[in-house]
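Data block below; observations after.
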Amino acid sequence: MPPADEHTGAGTGPASQAGTGAEDTLDLQLPDEFLALFGEDKPATVTPKPIPASLDGPLSLKESLARGGSTSTEGEDVSTGTVADAHPNQGPGTPGVASRLESDLLDNPAEWRPVTTPAGVFQLVPVRLERDLAVISRWMNDPAVAAFWELGGDEAVTAAHLRPQLDGDGRSVPCLGVLSGVPMSYWEIYRADLDPLARHYPARPNDTGVHLLIGGVTNRGRGIGTTLLRAVSDLVLDNRPQCARVVAEPDLRNTPSVSAFLSAGFRFSAEVELPEKQAALMIRDRAHRAQL
């Protein structure tokens, strides 16, 4: 499935696409007390609150964070993102509750704040298909990425990969990784315990998985993959208090990706045979977070 690292930064390819398939997902029941909070009927969704679709020039850090993004210093001039309204006080049957219910499976990544890393200010911005499809499809057609993600081709191929996540129940959230104001990576944050991956390892409740690809060649081979993997796994642990482990399953052939996970504080847990690949099960434990 994804990341790039100090050497290639292209990412592990989700040939098995854990966390993304609409048809091949585990049909787990939500707890009764959870469903009782929202009632049985599915309410209307909330309209997202937009932030700038693209950056025409550099913003100051203060201006950028005020808009929900980060500063722009170099690289491609493509879109930033949106932040959805949370509506924390709404009850069943009111606008936004369906969106809340879906977001709660991952504790609403749209609201996770930017973080400062050694590479710059970084933020996960949930994908909007009409805005982000072209750039993600371009990244998927990079030979180094396509070798593992297997999503090369026209934009319809990438769209078919994204739509089940965007139209699903919130167990997998595709995001752009925006570094210093520039979208430069693609991420999938997903509930590994609700994913087909859970059939292949001893999953625990609220295990959270990550997939990553680094989009631009200039951002590969410089340790940025390692830096961002640590930052994103920290974001997961900071924002998902019930998650005790962040997991990943890079292709064993993708040595730079496995190396990036190890350098980011993950440990190699097992070799796992998935339907389309032999994977290295990588785990970052909350309990050992300070030591690794």
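Since every read-out is calculated from the coordinates, none of them should be taken as a lab result. The structure displayed is predicted, hence computed values, not measured ones. All Cβ positions, glycine included, derive from the backbone under ideal geometry; neighbour counts span all protein chains shown.
Tabulated results
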{"quantity": "Sorted largest first, extent of segment 169-234 alpha carbons per principal axis (Å)", "calculated": "37, 23, 19"}
{"quantity": "Extended-chain gain in nm, criterion 0.36 nm per residue less alpha-carbon gap, residue 278 and residue 199", "calculated": "27.0 nm"}
{"quantity": "For segment 130-182, the spread of Cα positions along each principal axis, largest first, Å", "calculated": "31, 29, 20"}
{"quantity": "Residue order, fewest to most surrounding Cβ atoms within 10 angstrom, among 274, 194", "calculated": "274, 194"}
{"quantity": "Segments 187-193, 249-255, 155-161 sorted - mean Cβ within 10 Å per residue, highest first", "calculated": "187-193, 249-255, 155-161"}
{"quantity": "Gain on full stretching of the segment that runs from residue 269 to residue 160 - 0.36 nm per residue minus C-alpha separation", "calculated": "36.1 nm"}
{"quantity": "For segment 208-247, the fraction of alpha-carbon pairs in successive 10 Å shells from zero, as %", "calculated": "27, 47, 22, 4"}
{"quantity": "Paired Rg and Dmax values of segment 178-292, which use every Cα atom, in angstrom", "calculated": "13.6, 38"}
{"quantity": "Segment 114-133 residues near the modelled residue 290 label - backbone nitrogen below 12 Å, point 7 Å along Cα→Cβ", "calculated": "none"}
{"quantity": "Distance (nanometres) between label positions extended 7 Å along Cα→Cβ at residue 111 and residue 217", "calculated": "4.2"}
